[in-house]
Amino acid sequence: MKRTIIFALSVVIASCSMQEPDSLEEKKNLLSEKEEKLASIEAEISELKAEIAKLDTSKSNKKDATRVEAMAIKPRQFNHYVDLTGTVTSEQNIMISAEAGGRVVSIPTSEGENVSKGTLLVRIENEAVANQLAEARTAFELAETTYRKRKNLWDQNIGSEIEYLQAKSNFESTRSRLAQTQSRYDNTVIKSPINGAVDDIRVNEGEFVSIGMPIVRVVDLQNVEIEAELSEEYLTSVEKGDSVKIRIPSLKIEMMAPISFVGQVINPDNRSFKIKVNLDNSEGRIKPNVLANMKIRDYKSEGALAVPSKVIAKDLKGDFVYAVSQENDRTVATKKYIEKGRSSGATTEILDGLKPGDKIIVAGYNQVNNGEIISVQ
């Protein structure tokens, strides 16, 4: 065959030298004929090379095969996650305001100190209320004594009913006034309503405060939670109790925790709903308002076929991967057109086009063409 091609080329060259057309038109026609013959010969040469490559099993040919790495597809569980950023909040983060006006006379606690419920935090002096309390207590004690004596006499049928009823009414009235005054006086003593840590004291001794003025903040760091908003499209995909992967970059903390709350009301401004995740913060490392990254699983498939996302390519026909195939005792790369599912991280679920046991090229996939001979390492 090789001699035939050489002979044909010789004929073409000889014919060119034998025929010397005169006119321009004849020269153009002759050139066209020669080009057609040459193209035909080149096509035959290409075909012969391809046939030789298929039939040649020598070591030299194998040496020219493109080296690749492959993996077998096996069914496994595939999970898809939604990435969210949330803010850590304390379930009990309380700013205590003054309920009485006056001068701060003592602050027996300091910022950062752990306190129990009922611990005295700030004392406010209010002489007027203190005097009113003393008067109310004296009036109550007198009314109580009078009432008890009148009742004792009335029980013995001694005295008038009017005197007894007046004593009873005065006793109840002074008791109510004492309770009200006592409540006003208690407001001058600010106590912690929870177990927690004193986070911020906003007043100093000797400073005058008014009703409603913020005084001190107490935070319970034992019970903190992450709060975030999730798009309404995931409303049916997320449930209370679902596990969440949590990472707090600033503290280098990673943990798993369940969703503790799923909101049922959609925010009309951004079409989202609220979720909360309770955190174990027994060491007190996690602080309110720190940012936390969350991965929430919204999709799960058992027995799924998944491949590295990077090996998926696309042409005019669609998405495909290169698979390892055997043709005439040769190992070749073959395009496998696929239907993609969801992608999670560096992995993509394959819905159609592959079956368990198929081998796909995972290294060298960008160096091969369809039908090219490969060497799997």
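Numbers at a glance
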item: Cβ pairs under 9 Å, 6+ apart, first in region 244-269 and in the same structural domain as P288 (by TED's automatic domain parsing) and loosely packed, with under 11 Cβ neighbours inside 10 Å, second assigned to a strand (DSSP E or B) and aromatic (F, W, Y); result: Q264/F273; V265/F273
item: Test: residue in region 104-111 that is in the same structural domain as P193 (by TED's automatic domain parsing), touching a Phe, Trp or Tyr at 6+ places or on another chain (Cβ under 8 Å) and either exposed (fewer than 15 other Cβ atoms within 10 Å of the Cβ) or not in a helix (DSSP H, G or I) (or both); result: yes
item: Residue in region 93-102 that is modelled with pLDDT of 90 or more and surrounded by fewer than 14 Cβ atoms within 10 Å (Cβ to Cβ) present; result: yes
item: Filtered residues of region 352-374 (kept if assigned to a strand (DSSP E or B) and closer than 27 Å to I52 by Cβ); result: I361, I373, I374
item: Tally, over region 85-102, of residues that are part of a strand (DSSP E or B) and either of a type outside the set (V, I, T) or in contact with a Lys or Arg (Cβ under 9 Å, 6 or more places away or on another chain) (or both); result: 10
item: Any hit, region 346-361, residues being under 16 Å from E69 (Cβ atoms), at pLDDT 90 or above and in contact with a helix residue (DSSP H, G or I) (Cβ under 8 Å, 6 or more places away or on another chain); result: yes
item: Total residues in region 130-170, condition of a type in the set (A, V, I, L, M), within 26 Å of Y185 (Cβ to Cβ) and at pLDDT 85 or above; result: 6
item: Filter result (of a type in the set (D, E, K, R), touching a Phe, Trp or Tyr at 6+ places or on another chain (Cβ under 9 Å) and surrounded by 16 or more Cβ atoms within 10 Å (Cβ to Cβ)) within region 295-334; result: K295, R297, D298, D319
item: Selection from region 274-306 of residues that are in contact with a helix residue (DSSP H, G or I) (Cβ under 8 Å, 6 or more places away or on another chain), over 22 Å from N79 (Cα atoms) and part of a strand (DSSP E or B); result: L291
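The values are calculated or read from the model by the stated rules, or taken from the named source; none is laboratory data. Quantities reported herein were computed from a predicted structural model and do not represent experimental measurements. As a convention, Cβ positions derive from the backbone with ideal geometry for all residues, glycine included, and neighbour counts pool all protein chains shown.
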